[in-house]
1. Peptides 93-100, 123-130, 38-45, 105-112: what's the order by average Cβ count within 10 Å, highest mean first?
2. Measuring with a 1.4 Å probe in the full set of protein chains, what accessible area per residue, in whole Å², belongs to the range 63-154?
3. To the nearest 0.05, how large is the calculated FRET efficiency for ASN50 and THR122 if R₀ is 35 Å and r is the Cβ-Cβ distance?
Amino acid sequence: MSEHENRQPPEELETPSPDETPETDTTADTDTTTEESPNAEAAKYRTQRNEARAERDALAARVEALQRAAVEDLCKAASVTPRALWTVAELGDLVDPETGTVDRNAVTKAIEKARQELGITTVAKGAYVPNAGKMPTTPPATDRWAEAFSPKNRRR
């Protein structure tokens, strides 16, 4: 090669073509020249685009996790395991499409649907006392407690 054939600036020789550059190129452009070649500028924009996509996906995953947590809190308040709710409903059905917030009415309907389909009974409020309020069928013949604490002269 002669000196006249190789007159390209050094930055164009080092920069790969757009076909060779992977989309996940995360290398920073360390060239301090004021003029950028079209390939270097395109690589910079691809890098920015890929970073923005990764950030968008991370934020979408975070929002979905927060929505799931809010729905699961409503399930726990209704004494239903979240797994039972997820068998009858999807997250998209329980979220308002315009605002992205959890729709309490939709969650309540899904909880009732899960209760009906899976046979989940509602939990009664308060302490559970078996046989509370039931009277024995036959009263005891004598009151043994009163007899135990009565004076000996009054015993029968």
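The values are calculated or read from the model by the stated rules, or taken from the named source; none is laboratory data. Because the structure is a prediction, the values reported are computed rather than measured. All Cβ positions, even for glycine, are placed from backbone atoms using ideal geometry, and neighbour counts span all protein chains on display. Note: accessible area is taken over every heavy atom of the protein model, side chains too, but ligands, DNA and RNA are not part of it. Shrake-Rupley method; radii C 1.70, N 1.55, O 1.52, S 1.80 Å.
1. Per-residue mean Cβ counts within 10 Å order the peptides as 105-112, 38-45, 93-100, 123-130.
2. 81 Å²
3. The computed FRET efficiency comes out at 0.10.
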